[in-house]
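The values are calculated or read from the model by the stated rules, or taken from the named source; none is laboratory data. Because the structure is predicted, anything quoted here is derived from the model rather than measured. When we count neighbours, we look across all protein chains shown, and the Cβ atoms used for this are built from the backbone with ideal geometry, even at glycine.
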Amino acid sequence: MIQHVIHLVSVWAIPLLLVGIPLYGLLRGVKVYECFVEGAKEGFQVAVRVIPYLVAILVAVGMLRGAGAIDLLSGWLDPLLRAVGAPAEILPLAIMRPLSGSGSMGIVAELIKTHGPDSFIARLAATAYGSTETTFYVLAVYFGSVGIRKTRHAVLAGLSADIASLAASIVVCRLVFPA
Amino acid sequence: MLNYIWFGLIIVAVLLGGINGKIEEVTKAGLDSAGAAVTIAIGLVGVMALWLGIVKIADEAGLMKLLARGIAPVLRRVFPEIPRDHPAIASMMMNIAANMLGLSNAATPLGLKAMEDLQKLNRSPGVATNSMCTFLAVNTAGLQLIPASMISLLASAGSKEPTAIIGTTIAASTAAVFAGVIAAKLLERLPVFAVPPRESGGASS
């Protein structure tokens, strides 16, 4: 049932927006075609403006992954996580999540394969992945699009959200799923 | 801050790569990523144009103002610097709504539109405003009602109940949003993160 509703929402949301907004525009006397083209014009510039910021972030993250830093960091933090009673298998994902979306998706897939799709670890990993975004990617793209170079407290605020999402994922999954 | 983080990532990568004997991988990963960044950005052009076009229609039809008025009471608390009826409120709301529905194709263009609107209120253009940082904290927390990619990943691995993670994901991402917003609100007052004096007097103060 829930699955069905969710499916309907995700299939229909975009087509409904694409019909609904121009329809409302027409009813309000907006020249929808001309207006659309006028707005769409900016698409290219915005995308191009993002490139230097994205190159800067992705290169640094890519090099770090290439050097095997994620595994190393996991090794160091492992005892810390064990001390607070958290499953250490989740650690590489926690470190990768703010840095790379595709990289952390790969880790989740790996965990699902190793532990089984209905295991506690798989569900925890999927929850942890789904409950946050790729912080550094978002920062690069969003700030890059308007040429912001001094990001002030945005990085720390974003990482606070990441840590909170991980902690909440562990607590909530412990409550909901029998280990 | 980003200066040190960025350089830190690179120097750690090179040093570690050298010690681990993986320096060639480091070089390759760096160069590959540079190419990937351009591919990602260019890949944005189409959807970006599509949604910016649609948003322009919504704006012209007065839909954005209507939306802004409807949800303003909630968002005004979180973004006190933004004037009533300002288009930034509506575009941020649309971005958050798209994120919640898991429409990532729509969410990024709408989010960038919101950044553009926020930038219009920014009196020191190269420096992030408080509103921008708070908005990004909400975005990096990624409030999502339907974690579609994870559900399909679990389903394709043969899970009996792939949607079991919906509830836990909503709970955890709600916690993340609260933590992000609270952190942004607290951190924006620290002198370290103040808008540099030469460029200050901004809309954010």
Problem - Unmet criterion (only one of (1) in contact (Cβ under 8 Å) with a residue 24 or more places away in the chain; (2) over 21 Å from A:Gly106 (Cα atoms)) for B:Ala148 - result: (2)
Exercise for the section: Answer yes or no as to whether B:Ala175 is at pLDDT below 90, among the aliphatic types (A, V, I, L, M) and assigned to a helix (DSSP H, G or I). Expected result: no
Practice task
Kindly provide the set of residues from region B:40-79 that are modelled with pLDDT under 90 and more than 13 Å from every other protein chain (Cβ to nearest Cβ), ordered by number.
Solution key: B:Ala68, B:Arg69, B:Gly70, B:Ile71, B:Ala72, B:Pro73, B:Val74, B:Leu75, B:Arg76, B:Arg77
Problem - Test: A:Ala122 is at pLDDT 90 or above and crowded, with 21+ Cβ neighbours inside 10 Å - result: yes
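Here is a yes/no grid of residues against (1) more than 7 Å from chain A (Cβ to nearest Cβ); (2) modelled with pLDDT of 90 or more; (3) over 22 Å from A:Leu166 (Cβ atoms):
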{"site": "B:Ala97", "(1), (2), (3)": "yes, no, yes"}
{"site": "B:Gly102", "(1), (2), (3)": "no, no, no"}
{"site": "B:Asn122", "(1), (2), (3)": "yes, yes, yes"}
{"site": "B:Ser131", "(1), (2), (3)": "yes, yes, yes"}
{"site": "B:Leu145", "(1), (2), (3)": "yes, no, no"}
{"site": "B:Leu154", "(1), (2), (3)": "no, yes, no"}
{"site": "B:Ala164", "(1), (2), (3)": "no, no, no"}
{"site": "B:Leu186", "(1), (2), (3)": "yes, yes, no"}
{"site": "B:Val195", "(1), (2), (3)": "yes, no, yes"}
